[in-house]
Amino acid sequence: MRHIISIMLENEPGALSRVAGLFSARGYNIETLTVAPTEDESLSRMTIVTTGSDDVVEQITKQLNKLVEVVKVVDLSEAAHIERELMLIKVRAMGKEREEVKRMSDIFRGRIIDVTENTYTIELTGTGAKLDAFIQALEHSAILETVRTGASGIGRGERVLKV
Amino acid sequence: MELTGAEIVVKCLEAEGVEYVFGYPGGAVLFIYDELFKQDKVKHILVRHEQGATHAADGYSRSSDKVGVALVTSGPGVTNAVTGIATAYMDSIPMVIISGQVPTHAIGLDAFQECDTVGITRPCVKHNFLVKDVKDLALTIKKAFYLARTGRPGPVLVDIPKDVTSAKCPFEYPATVTMRSYNPVVKGHPGQIKKAVQLLTEAKRPMVYTGGGVILSDASKQLTKFVKMLGFPCTNTLMGLGGYPATDPQFLGMLGMHGTYEANMAMQNCDVLLAVGARFDDRVIGNPADFAQVQRKIIHIDIDPSSISKRVKVDVPIVGNVSDVLEELSRQLEAAAYKPNQKALSAWWSQIGLWKSKDCLKYDKKSKIIKPQFVLERLYEITKGDAFVTSDVGQHQMWAAQFYKFDKPRRWINSGGLGTMGFGLPAAMGVQFANPGATVACVTGEASIQMCIQELSTCKQYRLPIKIVNLNNKYMGMVRQWQQFFHGNRYSESYMDALPDFVKLAESYGHVGIKVEEPGDVEAALKEAFKRKNDLVFLDFVTDQTENVYPMVQGGKGLTEMILAEEL
Ligand SMILES: Cc1cc2nc3c(=O)[nH]c(=O)nc-3n(C[C@H](O)[C@H](O)[C@H](O)COP(=O)(O)OP(=O)(O)OC[C@H]3O[C@@H](n4cnc5c(N)ncnc54)[C@H](O)[C@@H]3O)c2cc1C
Ligand SMILES: Cc1ncc(C[n+]2csc(CCOP(=O)(O)OP(=O)(O)O)c2C)c(N)n1
Ligand SMILES: [Mg+2]
């Protein structure tokens, strides 16, 4: 099962490598990992997308909690939540392709943020699945480059993860 | 007044009540050594290899209620210490390691004796710090001691660049420290404790299984009282020996791979299992699938939530400190005027009696060659069961665990989790420093002892009257046993050729050496050694090369599928 785990941790050098090291040392999967400081500069917020059985995910959250620099851990997938990922994708856009790519981008609510004679660079946000779908929808050979941030997540409604 | 970083390090150690630091100097820690030289409150013990420093600090810690401290230089000093740090980590031993680092401006430039100490040690410490500003030094050291000894204990490393040890700042040692990200639970959840009381009250075939957590929590008094009150059978893991008195009739011996027949049978067949500060290790429960086949209710007390339901699903998890939880459990049982189900319990005890009658630790007492078990039985008698016994890793370790009956906690000092050969002698040094005047024996094998043999020199320098009991079977016996059982008697590289003359070796370090070749001489030699209160005596027992450790549960097999001595 896919889980989205949110972590609040001390914004200190080395904290990221402790989390990454934990996953590799114990053989847990990381699908994506994103991290940045929060409005409180002493704290970072990390989102990890992982897969594993319930037992494994239980161990993952316990082991994360054990890291001294980790302040809070929540498995967002346990309740309603919102997930977003940003992708920048550079695609070939020549001749009649230009119109087609533009239309596709509109359908997926993407924005063209850079243009050359032969290319478009599109910015797209959504769930990981939506970004995958966009890539699928394009002609494979037209994709020149993609870069994705990995998912960040937040609880729905009034559920708040705060220290 | 402003102090240098090096002065601050020493002042912090003093403030923590540190009596001994086990270490080895080098370029990056010279300022710290200079400050150690100028005072006499914190005593430095010079080892002969940094592995020895960490094992000695570890043994010091295990045999007392204090935090052991090691001091090493950057680069090779640290890498030599890693084995000792990992050893302490696997057994949850509180320890603080101070390491020198190249100056901050040189970090990352492949400077002389630079290594990424924080990176190398990260997976084998509870936590580590790199101190880049002298102003952070005192608080960091305070945090290191706090983290090492609270919650689930463990080693904490503080890496200090050389320029930080010479920089100055005002010094004040913080009286307390709090960390918002670190709040170990102490008291167990009352609701869970209530559920546990209910299960224990209804149990027909109960079993108490306790481990290192009882020792670490100094809870053996509470445990003993509690188990006596219940009248239940009790077993200890290798790390838990001494947590419950071994000579008590309710004690079934150690369980697990080389546990007793009765302990393993009772563990498998009980209907309510109370696990206390033990982590269901693979050497303890055998194949987890086989273990889970039997229906039983499990209550698990542990301070670390990640130890709970890691390998075995439990029914009543209780996160908390062993001594606090046991107090509360006892209180609730008393309040509920607990009466055991006497009928069921006595049927259970007769079943256990049958298992016991297998006499699973029997060995050939008439042997013409010295049997290792015989040496350990005599050691137990001659030291009146009151010695501190350290051990290395191998068959001798298992026999020591089986045949030396520990009635007190912190007397049995061995590397269980990492299984580190070379641990025994340096650990014994730490034990002797923590317990001056006490009887300290190091049970070892001819292979293990050679891994840290250089520490004989340290023992001479500080006049440590350790008694080394070398069970010399000229084999890496534990390896040989596996090769005999599981690899068709192909003894690949497990014969110990070209052994030194241990008597001469001991003598060359300035100690006493005695070689013992006949069973009839064992007792006299041991007596002679322990009479020499001020000497280190190296006893080299020439033992049966073919003896094996029984019972044995093969890796991956169920706990009750034991190989017993008589079956061969
Ligand atoms: C050659 C060899 C053979 C071995 N054979 C055996 C064998 O036959 N039988 C055997 O038992 N072992 C054996 N071992 C040892 C084994 O590898 C493990 O080290 C050992 O079983 C673990 O013991 P434990 O479960 O008590 O856990 P420990 O490693 O001692 O862990 C302690 C547990 O208690 C918890 N804890 C710590 N402090 C507290 C506190 N204050 N309050 C509450 N909980 C706390 C910790 O979180 C942890 O879960 C062998 C080792 C070697 C090298
Ligand atoms: C540092 C290290 N290397 C290798 C091993 C694997 N090992 C476990 S027991 C053992 C043999 C120990 O031989 P000895 O010290 O003579 O003890 P014996 O089993 O003969 O009593 C070995 C090599 C280990 N535990 N530690
Ligand atoms: Mg041997």
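The values are calculated or read from the model by the stated rules, or taken from the named source; none is laboratory data. None of these values were measured; they are calculated from a predicted model. A quick note on method: Cβ atoms are made from the backbone with ideal geometry, for glycine too, and the neighbour counts reach across all protein chains shown. Ligands, DNA and RNA are stripped out before the accessible areas are found, and what is left, the full protein with its side chains, is counted by its heavy atoms. Shrake-Rupley method; radii C 1.70, N 1.55, O 1.52, S 1.80 Å.
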From the set of residues in the stretch A:45-57 that are open to solvent by less than 10 Å² (accessible area, probe 1.4 Å) and polar (S, T, N, Q), which is nearest to the other protein chains (Cβ to nearest Cβ)?
-> A:Thr50
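Please work out if B:Asp281 is surrounded by fewer than 24 Cβ atoms within 10 Å (Cβ to Cβ), within 14 Å of ligand 1 (Cβ to nearest atom) and more than 14 Å from every other protein chain (Cβ to nearest Cβ).
Taking the combined requirement at face value, the residue satisfies it.
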Restricting to the stretch B:447-466, what's the tally of residues that are open to solvent by less than 30 Å² (accessible area, probe 1.4 Å) and closer than 10 Å to B:Asp392 by Cβ?
-> 4
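Looking at the stretch B:391-407, is at least one residue touching a Cys at 6+ places or on another chain (Cβ under 9 Å) and part of a loop (DSSP other than H, G, I, E, B)? Walk me through how you get there before you give the answer.
Filtering the stretch B:391-407 for residues touching a Cys at 6+ places or on another chain (Cβ under 9 Å) gives B:391-392.
If we keep only those that are part of a loop (DSSP other than H, G, I, E, B) as well, we get B:392.
Yes; the residues of the stretch B:391-407 include at least one that is touching a Cys at 6+ places or on another chain (Cβ under 9 Å) and part of a loop (DSSP other than H, G, I, E, B).
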Select from the stretch B:405-433 the residues that are without any contact (Cβ under 8 Å) to a residue 60 or more places away in the chain and in contact with a Leu (Cβ under 7 Å, 6 or more places away or on another chain) and list them in ascending order.
-> B:Gln432
All but one of (1) assigned to a helix (DSSP H, G or I); (2) open to solvent by 20 Å² or more (accessible area, probe 1.4 Å); (3) not aliphatic (A, V, I, L, M) hold for B:Pro340, so report the exception by its number.
-> (1)
How many residues does the stretch B:97-127 contain that are open to solvent by less than 10 Å² (accessible area, probe 1.4 Å), hydroxyl-bearing (Ser, Thr, Tyr) and within 14 Å of another protein chain (Cβ to nearest Cβ)?
-> 2
In the set B:Leu274, B:Leu238, B:Leu230, B:Leu255, which member is out of contact with any Lys or Arg (no Cβ under 7 Å at 6 or more places or on another chain) and within 16 Å of ligand 2 (Cβ to nearest atom)?
-> B:Leu238
Which fully enclosed helices (runs of 4 or more DSSP H) of the stretch B:418-532 have 3 or more residues being more than 16 Å from ligand 2 (Cβ to nearest atom)?
-> B:424-434, B:455-461, B:502-508, B:522-531
Is it true that some residue in the stretch B:311-320 is within 24 Å of B:Leu216 (Cβ to Cβ), assigned to a helix (DSSP H, G or I) and within 14 Å of ligand 1 (Cβ to nearest atom)?
-> no
Whichever residue in the stretch B:204-223 is in contact with a Leu (Cβ under 8 Å, 6 or more places away or on another chain) and not β-branched (Val, Ile, Thr) and, among such residues, is farthest from B:Ser330 (Cα to Cα) = B:Lys204
Qualifying helices (runs of 4 or more DSSP H) (wholly inside the stretch B:1-74; at least 2 residues being more than 13 Å from B:Ala434 (Cα to Cα) and open to solvent by 20 Å² or more (accessible area, probe 1.4 Å)) | B:5-15, B:30-37
Quick check: is even one residue across the stretch B:376-383 open to solvent by less than 10 Å² (accessible area, probe 1.4 Å) and either under 24 Å from the mean Cα position of the chain (by Cα) or of a type in the set (D, E, K, R) (or both)?
-> yes
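Of all residues in the stretch A:77-132, which are under 20 Å from A:His3 (Cα atoms) and assigned to a helix (DSSP H, G or I)?
Filtering the stretch A:77-132 for residues under 20 Å from A:His3 (Cα atoms) gives A:77-86, A:125-132.
Matches in the stretch A:77-132: A:Ser77, A:Glu78, A:Gly128, A:Ala129, A:Lys130, A:Leu131, A:Asp132.
For the stretch B:428-463, name all the residues that are among the hydrophobic types (A, V, I, L, M, F, W, C) and within 16 Å of ligand 3 (Cβ to nearest atom). Lay out the reasoning, then the answer.
Of the stretch B:428-463, the ones among the hydrophobic types (A, V, I, L, M, F, W, C) are B:428-429, B:431, B:433-434, B:438, B:440-443, B:447, B:449, B:451-453, B:456, B:459.
Selection gives B:Cys442, B:Val443, B:Ala447, B:Ile449, B:Met451, B:Cys452, B:Ile453.
Output the number of residues of the stretch B:467-477 satisfying the condition of being open to solvent by 40 Å² or more (accessible area, probe 1.4 Å) and either closer than 13 Å to B:Trp399 by Cβ or within 11 Å of ligand 1 (Cβ to nearest atom) (or both).
Taking the stretch B:467-477 and keeping what is open to solvent by 40 Å² or more (accessible area, probe 1.4 Å), we get B:474-476.
When the remaining residues are screened for being either closer than 13 Å to B:Trp399 by Cβ or within 11 Å of ligand 1 (Cβ to nearest atom) (or both), the result is none.
Residues in the stretch B:467-477 being open to solvent by 40 Å² or more (accessible area, probe 1.4 Å) and either closer than 13 Å to B:Trp399 by Cβ or within 11 Å of ligand 1 (Cβ to nearest atom) (or both): 0 in total.
Given A:Ile60, A:Ile30, A:Ile82, A:Ile7, which one is in contact (Cβ under 8 Å) with a residue 40 or more places away in the chain, more than 14 Å from chain B (Cβ to nearest Cβ) and either among the aliphatic types (A, V, I, L, M) or over 26 Å from B:Val131 (Cα atoms) (or both)?
A:Ile82
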Within the stretch B:291-307, track down each residue that is at pLDDT 95 or above, touching a Lys or Arg at 6+ places or on another chain (Cβ under 8 Å) and either within 14 Å of chain A (Cβ to nearest Cβ) or part of a helix (DSSP H, G or I) (or both).
-> B:Asp302, B:Ile303, B:Asp304, B:Pro305, B:Ser306, B:Ser307
Mind listing whichever residues of the stretch A:100-116 are closer than 19 Å to A:His140 by Cβ and surrounded by fewer than 14 Cβ atoms within 10 Å (Cβ to Cβ)?
-> A:Arg103, A:Ile107
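What's the total number of residues in the stretch B:333-380 that are of a type outside the set (S, T, N, Q) and closer than 21 Å to B:Gln250 by Cα?
Residues of the stretch B:333-380 that are of a type outside the set (S, T, N, Q), as a first pass: B:333-340, B:343-345, B:347-349, B:352-356, B:358-366, B:368-372, B:374-380.
Next, only the ones that are closer than 21 Å to B:Gln250 by Cα stay: B:333-334, B:338-340, B:343-345, B:347-349, B:352-356, B:358-362, B:377, B:380.
Selection size over the stretch B:333-380: 23.
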